[in-house]
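A short worksheet on the structure shown next.
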Amino acid sequence: MPKPALCAACLCVLVASLPAAVASAADATSPGATDDAQKHGFDFLMGTWSVQNRFLAKRMQHSHEWLKFQATGIEQPLRTGTGNMEYYLTSQWPDFIGMALRLYDPQAHEWTIYWSDNRFSRGVLQPPLTGSFHGRIGVFEGADHFGTLPITVRFTWQVIDRDHAHWSQAFSSDHGHTWETNWTMAFTRISEDANATSRPGALHAAHR
């Protein structure tokens, strides 16, 4: 092929590829291109909440007796930017205070949730639960024991709207084939301010 024809052909290819190249560059620099939506999965929860609890009286015994009680949840982001922390206070058990630590792994795009409290955990973190959000639903699971019984624990979060959310805990002793829900919480927002409570230290749910 003569050189002039070759140059013309190259120019045509270059011009034709410009729109795609410009579009790719725009995509790469747009805010949504590098934004990790999963990282913001718990953003809806930050603030102070009134929590209506339903707690199964006897677990893994086919019980249908539910206890109902109130709690306060305080949710705040970690200053490290790597997750958030919850404090949970209820008068259901004397002087009960619980703490949930939620850490985000940007490589795996997953959350890991740890729990401890001053009554059941006795100063140690309980085995972690790992999972992620898909739309308005977040599911987190992990291995644990209920007494001597090996179980899988599942937390399920549901975002209802800006001021309402739902949480539930379930146990499975058959590797997830069947589940017993033993704790549910209905969250109603008090304030977007994590300090908006007259009861310091208040918070969310343990699985012990």
(message) Looking at the range 180-195 only, could you name the residues that are surrounded by fewer than 16 Cβ atoms within 10 Å (Cβ to Cβ), assigned to a loop (DSSP other than H, G, I, E, B) and in contact with a strand residue (DSSP E or B) (Cβ under 6 Å, 6 or more places away or on another chain)?
(response) GLU192
(request) Name every residue in the range 127-175 that is outside any strand (DSSP E or B) and either among the hydroxyl-bearing types (Ser, Thr, Tyr) or surrounded by fewer than 16 Cβ atoms within 10 Å (Cβ to Cβ) (or both), in order of residue number. (result) PRO127, GLY135, ARG136, GLY147, THR148, ARG162, ASP163, SER173, ASP174, HIS175
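Values quoted throughout were computed directly from the atomic coordinates according to the rules given, and no laboratory measurement underlies them. Note that the structure is predicted; figures quoted are calculated from it, not measured. All Cβ positions, even for glycine, are placed from backbone atoms using ideal geometry, and neighbour counts span all protein chains on display.
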